[in-house]
Structure formats: C-alpha cells, structure tokens
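Report on one structure; see the data block that follows.
The values are calculated or read from the model by the stated rules, or taken from the named source; none is laboratory data. Keep in mind the model is a prediction, meaning the values are calculated, not measured. Reconstructed Cβ throughout: ideal geometry from the backbone, glycine too, with neighbour counts over all protein chains shown. The area values use the complete protein model at the heavy-atom level, side chains included, leaving out ligands, DNA and RNA. Shrake-Rupley method; radii C 1.70, N 1.55, O 1.52, S 1.80 Å.
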Amino acid sequence: GNIVIIPTSSSDNSSSAVVEPATPADHAASTKQLAKARRPEYSLGSDGHSNNECKPCAWHWKASGCSNGIQCTFCHLCSSTALKEKRKKRIAELHTLAKEKKKCQYISL
C-alpha cells in the first residue's frame, strides 16, 4: 500500500519523519487531486468536437487518465461531465420514442 510521511521537528533543530501507512481516505484524496489536475487535450477522437459530432472519452477524466492518449478514438476535449450529459440526453430521447410508440399502438387498435 501507500505510505504517508509526516515530517516532525524536535527542539534540537534536527528534523525527522514518522512513517505511517496511508488510509483509504488519503488514497481517495490523492485520486481526486489527480483527476482535478487533468486538462482537456487533443486526441484523434476530438476531430468532430467543434461540430458536436464527437464521443467523450470515459477514461480521460479519471485519475489514471486514458491509456490510449493522443491515439484515443474518443474525445479528450469534452468536459468531465459531457459523457454523463450525453447519456442522460440519449436516455430521455429513448423514453420519448417509447412513449410515442406506445401512443401509436393505442391508436391503431
């Protein structure tokens, strides 16, 4: 696991450190910091970004990032929330289509 080093000081002006194992909370905090440090960047899948014809990369905004880098066929320029927003929009459209189809079935009976 990870190790956290906590610097300490003593009265004789020498410094030492206490080594403690990292807690799950420490790991979560460092993972969030890595994810926040990520920035939009070009990838092959970013070509249609200006026309809103791209597909957001699900991995780019994760702490570990996208392993495909610039060769990724998904967009790395989209915001961190773009994937969730597009998914919500698609589900709403499917619900609307299902309702319309249901209405058509009632009318044809």
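What the table below lists for this structure:
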quantity	calculated
Cross-chain or 6+ apart pairs with Cβ under 6 Å, the range 42-60 first and closer than 14 Å to ILE70 by Cα, then open to solvent by 50 Å² or more (accessible area, probe 1.4 Å) and assigned to a loop (DSSP other than H, G, I, E, B)	LEU44/THR73; GLY45/THR73; GLY45/PHE74; SER46/LEU77; CYS57/PHE74
Sole exception among (1) over 30 Å from ARG38 (Cα atoms); (2) open to solvent by 70 Å² or more (accessible area, probe 1.4 Å) for SER50, by number	(1)
All positions within the range 28-74 that are aliphatic (A, V, I, L, M) and either modelled with pLDDT under 85 or not in a loop (DSSP other than H, G, I, E, B) (or both)	ALA28, ALA29, LEU34, ALA35, ALA37, LEU44, ILE70
Members of the range 77-92 that are surrounded by 14 or more Cβ atoms within 10 Å (Cβ to Cβ) and either out of contact with any Pro (no Cβ under 6 Å at 6 or more places or on another chain) or more than 19 Å from ASP47 (Cα to Cα) (or both)	SER80, LYS86
